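Student: Structure incoming, see below.
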Amino acid sequence: MRSPVPDYLDEVRRSCADDGDEGEVASYIPELADADPERFGVAICTIDGTLYGAGDDEHRFTIQSISKPFAYALALADRGLEMVLEHVGVEPSGDAFNEISLERNGRPRNAMINIGAITTHTLVGGADASPAERVERIRSGLSAFAGRELEIDEQVYESERSTSSRNMALAYLVHAQGKLEGEPHDAVDGYTKQCSLLVDVRDLAVMAMTLAAGGRNPVTREQVVPAWVCRQVLSVMATCGMYDAAGDWMSHVGIPAKSGVAGGVLGALPGQVGIGAFSPRLDEYGNSVRGVRVCERLSRDMGLHLMQAPEVASHVLYGVVEPDADADGVREVQLQGTMHFAAAEVALRELERVPQDGEPVVVDLSRVASTNKVGRRMLREGIRRLERDGHEVRLEDPDGLLET
């Protein structure tokens, strides 16, 4: 059986593509102004590192402001929460990404807006790290989040550096308040390189899932940052990650997220899924029009709103009884626990492993405590596909969980 998840993701992508020209590419950075506005890729990563992608999922673009939560994570890991909080706050600004947004004591309001992100950049690495060492710490650190080595797009870096006057002004303003470590020029130059790292949506999905899994990369199994760092980062992303649209985003979509002006959007739902989307046309807030649609659709379809907080998928598979040649040749897949998206996806992958040999299959739900709408739909589709492949499927569902 082929899992229906890739088909679903492709359908989401197609339904979120528009026929018009809503939104515009970022034109204030020359290299980004030349982006193909029709590029559109989507990917998700599960807690065990399984990746699904659709569309332009291997097309690379610069990470831009999506680097902010990860640089923030590295600063927290390197310098500790107390030190970072001395320099950068955690309150939503309600302002656009490039606004002057300072508290009365001169501290930037949060690390997700430019003035706070430039300040955060200078806190990565040790206090005596050189600008070059700091950039390398960020490049290697974000590579660990992605599970592969990331590179800087030198053309985009040079293009952004030539248009960085406002960021330079922000850096000097924070420096004048005593909240910026090092020289403003070095801070802006390093921050610009940080934003110029090349990623694709599959990278974003893995990076998001690493945050959502307490700092452990689901693909490489490396513990990139401590779990408490991820809790702090996700909290700030939830309240500040989508700039002046953060409140509407959190109430409507409910997934901690971060966007970038190249057209990327990253979403990280703790314990369940990492999401990456890319399409260059931006809305009035600087967020990808199609990327926002993807997250809205996934949240609505899959019940991924943070405040719904389902039980974490755990030990979904009770056991598999292989067919006995001397008996009746029936294969039995026994499930347990609560069936939501993450749990049902694991179950579908077990059904996907069933050989296409026409043997009868028993799907045993007698140990399943409950299902939500998404879990029921996914299991029904898995059973339908087994039957399409020629299997007789016998459902053990004493509580009628798939009937409701």
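The values are calculated or read from the model by the stated rules, or taken from the named source; none is laboratory data. These numbers come from a predicted model, not from an experiment. FYI the Cβ positions are ideal-geometry reconstructions off the backbone, even for glycines, and counts take in every protein chain you see. Note: accessible area is taken over every heavy atom of the protein model, side chains too, but ligands, DNA and RNA are not part of it. Shrake-Rupley method; radii C 1.70, N 1.55, O 1.52, S 1.80 Å.
Student: On the basis of being in a helix (DSSP H, G or I), crowded, with 17+ Cβ neighbours inside 10 Å, charged (D, E, K, R) and in contact (Cβ under 8 Å) with a residue 12 or more places away in the chain, does R137 make the cut? First the steps, then the outcome.
Tutor: Numbers: in a helix (DSSP H, G or I): yes; crowded, with 17+ Cβ neighbours inside 10 Å: yes; charged (D, E, K, R): yes; in contact (Cβ under 8 Å) with a residue 12 or more places away in the chain: yes.
Taking the combined requirement at face value, the residue satisfies it.
Student: Take segment 262-298 and flag every residue that is more than 20 Å from D48 (Cα to Cα) and part of a helix (DSSP H, G or I).
Tutor: Answer for segment 262-298, where residues must be more than 20 Å from D48 (Cα to Cα) and part of a helix (DSSP H, G or I): V289, R290, G291, V292, R293, V294, C295, E296, R297.
Student: Of all residues in segment 147-172, count the ones that are touching a residue at least 60 places away in the same chain (Cβ under 8 Å) and of a type in the set (K, R).
Tutor: So the count comes out to 1.
Student: Which one is surrounded by the most Cβ atoms within 10 Å (Cβ to Cβ), of the residues in segment 343-385 that are without any contact (Cβ under 8 Å) to a residue 60 or more places away in the chain and small (G, A, S)?
Tutor: A343
Student: With the requirement that a residue be surrounded by fewer than 24 Cβ atoms within 10 Å (Cβ to Cβ), among the hydroxyl-bearing types (S, T, Y) and in contact (Cβ under 8 Å) with a residue 24 or more places away in the chain, what does segment 244-296 give you?
Tutor: Passing the criteria: only Y285.
Student: Which of (1) closer than 18 Å to V261 by Cα; (2) surrounded by fewer than 18 Cβ atoms within 10 Å (Cβ to Cβ); (3) among the small types (G, A, S) does G126 not meet, given it meets every other one?
Tutor: (1)
Student: Is it true that some residue in segment 327-341 is open to solvent by less than 70 Å² (accessible area, probe 1.4 Å), among the aromatic types (F, W, Y) and modelled with pLDDT of 85 or more? Before you say what the answer is, go through the steps one by one.
Tutor: Initial filter on segment 327-341 (open to solvent by less than 70 Å² (accessible area, probe 1.4 Å)): 327, 329-341.
When the remaining residues are screened for being among the aromatic types (F, W, Y), the result is 341.
From what is left, the residues that are modelled with pLDDT of 85 or more are 341.
Yes - at least one qualifying residue is present in segment 327-341.
Student: Considering segment 45-83 alone, what residues qualify as being open to solvent by less than 10 Å² (accessible area, probe 1.4 Å) and either over 14 Å from L266 (Cβ atoms) or β-branched (V, I, T) (or both)?
Tutor: Residues satisfying the conditions are T46, A54, T62, I63, I66, L74, A75, L76.
Student: How many residues are closer than 19 Å to P323 by Cβ and either modelled with pLDDT of 90 or more or not charged (D, E, K, R) (or both) if we restrict to segment 354-372?
Tutor: Taking segment 354-372 first, the residues closer than 19 Å to P323 by Cβ are 354-364.
Those still in the list that are either modelled with pLDDT of 90 or more or not charged (D, E, K, R) (or both) too: 354-356, 358, 360-364.
Here the count works out to 9.
Student: Right, here's the next one. Restricting the search to segment 175-218, which residues are buried (at least 24 other Cβ atoms within 10 Å of the Cβ) and assigned to a loop (DSSP other than H, G, I, E, B)?
Tutor: L180, S196, A213
Student: Kindly indicate which of V25, V12 is surrounded by 18 or more Cβ atoms within 10 Å (Cβ to Cβ) and farther than 19 Å from R202 by Cβ. Step through it out loud before you land on a result.
Tutor: Numbers: V12 fails: farther than 19 Å from R202 by Cβ.
V25 is the lone residue from the list that is surrounded by 18 or more Cβ atoms within 10 Å (Cβ to Cβ) and farther than 19 Å from R202 by Cβ.
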